[in-house]
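Heads up: the structure comes next, in structure tokens.
The values are calculated or read from the model by the stated rules, or taken from the named source; none is laboratory data. Values in this document were obtained by computation on a predicted structure and should not be read as measured data. Here the Cβ positions follow ideal geometry from the backbone for every residue, glycine too, while neighbour counts run over all protein chains shown.
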Amino acid sequence: MKTHLCVVLLGVAIRVNLALSAAPPPEKLTPATFEEIKTRLTLTGDELAWQKVHWRDGFFEGLLEAQAADKPLFYWIYEGDPRGYC
Amino acid sequence: MKSRRFVCNDPRVRQLLEQFIPTADNPQQYRLVKSTRAEQALEYRLLYHALMQTGFRRGLEDSWHVQGMYVITPSGKLLAGGNRPMNVESALADMRKGLEAYAAMPRAERLLARAPHSRTDRMFPDRQPPRPPDGGLVLRSTARGLDVEFVHEQSDLAPDFYHIDRLWYTREEAMQFLPSVLRPGATTQVTGPVLDGLAQLYLMAQGAGSHFEIEHLKERQLGSEVIATNGHAVSLRLTGRVVSEADNDVIRKKYRADLLGYLTYNTAEQRFTRFDLLAYGKHNVPASQTKSGTPASMPLGILFTLNPTNVNDRQPPRKLALYRWVKLKAAQPGAAEQ
């Protein structure tokens, strides 16, 4: 029952987010528009799915673990660190 | 979802990543290597050699201009990869190609002869990674353009993209959000580096300059008012406005933002348990990022919240090196050089 409720609420949240992103944003920031603008800026689970992976900080941290685990590095380099730019 | 994160948000990519050590990096720290000792460090040599095999050879030699996703062995050999961060199929193909090549390599070729020393093989063995100030306030900022008309869809300023960063305040700085008396109706003005640093480093879209000079801040005001108390919980409202304008060779940005925020401070725990501050207003858009090819302005929002606990959120502010310049105190010794 709880799972079903969570799925329904998640579906509603996604629909609200999609509907908001298609509509023009509020003209002004006021107490009345605060929550809508905040919702538009709040990152969704889909947008943050990459955070389910533990990205090591920098080549050397990755190298230490890659050598110990005998695995290749999947190395993502981007100006300013890719984890900030989406 | 057209986010640049598209590749790493893809479930197939995330599943394949289990066979790798996923690593994120920023070229800036290598760009600052000036000494022969650092250049000869295993950390630098291995990476430089691997990236010289990419299409960024010239950029690397000139100024460490390099980006992309690559499969690299612990021994420093480049196996696959490229700079197509929004192309999932390409990333998947590179990952599979890299795994096949790795599996086919003799152990002595794919691994270093000895394990790297966790300190002495670093470029800067005595440098400590920057840490947030003890007892301070750690916020995450999320910036997103909300225009649905003018900006072309591949622009960083389109709503499908976002930019996240961290903001560190010392405890002393964080306390400036609180009036001296925590009773309903009590007010204070947030001034000095706490507001100026926020405006100079964070209240802007990405690109075309990293920071405003103080003289670029045409208006800046932020007030804090206690709106309610409930036991140890003190609820506050922040209201204000920042207008910034710069148009020179270093920075070309204009942002007129209203500020509104809701905070909760717990007097028993002596910490903020809620921090939701919004900046919202019109920001200029360069012609290169508009559908029409002419300059425009668009709604840009920036949300500051308490930093989440995900391991990937444990990152220092990107502009920490500029903290001293704007007189924010959270930059620690050594951080400015990083």
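If you check A:Ala68, A:Ala13, which single one turns out to be modelled with pLDDT of 90 or more, surrounded by fewer than 20 Cβ atoms within 10 Å (Cβ to Cβ) and of a type in the set (Gly, Ala, Ser)? Please lay out each step first, then the result.
Values: A:Ala13 fails: modelled with pLDDT of 90 or more.
None of the other options fit; the residue is A:Ala68.
Go over the candidates B:Ala113, B:Ala103 one by one and state the one that is exposed (fewer than 15 other Cβ atoms within 10 Å of the Cβ), more than 20 Å from B:Pro22 (Cβ to Cβ), free of Cβ contacts under 8 Å to residues at least 24 places away in the same chain and within 11 Å of chain A (Cβ to nearest Cβ).
Values: B:Ala103 fails: more than 20 Å from B:Pro22 (Cβ to Cβ).
Selected residue: B:Ala113, the only one of B:Ala113, B:Ala103 that is exposed (fewer than 15 other Cβ atoms within 10 Å of the Cβ), more than 20 Å from B:Pro22 (Cβ to Cβ), free of Cβ contacts under 8 Å to residues at least 24 places away in the same chain and within 11 Å of chain A (Cβ to nearest Cβ).
Looking at B:Gly261, B:Gly281, B:Gly231, can you tell me which residue is out of contact with any Pro (no Cβ under 9 Å at 6 or more places or on another chain), among the small types (Gly, Ala, Ser) and closer than 20 Å to A:Glu35 by Cα?
Details: B:Gly281 fails: out of contact with any Pro (no Cβ under 9 Å at 6 or more places or on another chain); B:Gly231 fails: closer than 20 Å to A:Glu35 by Cα.
Exactly one residue qualifies, and that residue is B:Gly261.
Yes or no: B:Thr23 touching a strand residue (DSSP E or B) at 6+ places or on another chain (Cβ under 7 Å), closer than 24 Å to B:Arg127 by Cβ, among the hydroxyl-bearing types (Ser, Thr, Tyr) and not in a helix (DSSP H, G or I)?
Values: touching a strand residue (DSSP E or B) at 6+ places or on another chain (Cβ under 7 Å): yes; closer than 24 Å to B:Arg127 by Cβ: yes; among the hydroxyl-bearing types (Ser, Thr, Tyr): yes; not in a helix (DSSP H, G or I): yes.
Judged against the criteria, B:Thr23 is a match.
So which of B:His211, B:His283 ends up being surrounded by 16 or more Cβ atoms within 10 Å (Cβ to Cβ) and not in a strand (DSSP E or B)?
On the way: B:His283 fails: not in a strand (DSSP E or B).
None of the others qualify; the one that does is B:His211.
Consider only pairs whose beta carbons are under 7 Å apart and that are at least six residues apart or on different chains; among these, list those whose first residue lies in the range B:250-264 and is away from every other protein chain (no Cβ under 13 Å) and in contact (Cβ under 8 Å) with a residue 12 or more places away in the chain and whose second residue is crowded, with 17+ Cβ neighbours inside 10 Å and among the β-branched types (Val, Ile, Thr).
B:Thr264/B:Val234
So, in the range B:37-54, how many residues would count as being surrounded by fewer than 18 Cβ atoms within 10 Å (Cβ to Cβ), more than 19 Å from B:His117 (Cβ to Cβ) and either among the polar types (S, T, N, Q) or in contact (Cβ under 8 Å) with a residue 24 or more places away in the chain (or both)?
Final tally of qualifying residues: 1.
For B:Val33, all conditions in the list (1) farther than 17 Å from B:Pro74 by Cα; (2) in a helix (DSSP H, G or I); (3) more than 11 Å from every other protein chain (Cβ to nearest Cβ) hold save one; what is the number of the exception?
Just one mismatch for B:Val33, condition (2).
Consider B:Arg183 carefully, then state whether it is in contact with a strand residue (DSSP E or B) (Cβ under 7 Å, 6 or more places away or on another chain) and part of a strand (DSSP E or B). Before you say what the answer is, go through the steps one by one.
Details: in contact with a strand residue (DSSP E or B) (Cβ under 7 Å, 6 or more places away or on another chain): yes; part of a strand (DSSP E or B): no.
It is false that B:Arg183 is in contact with a strand residue (DSSP E or B) (Cβ under 7 Å, 6 or more places away or on another chain) and part of a strand (DSSP E or B).
List the number of the failed condition for B:Pro316; all other conditions in (1) surrounded by 22 or more Cβ atoms within 10 Å (Cβ to Cβ); (2) within 14 Å of another protein chain (Cβ to nearest Cβ); (3) under 16 Å from the mean Cα position of the chain (by Cα); (4) at pLDDT 95 or above hold.
All conditions are met except number (4).
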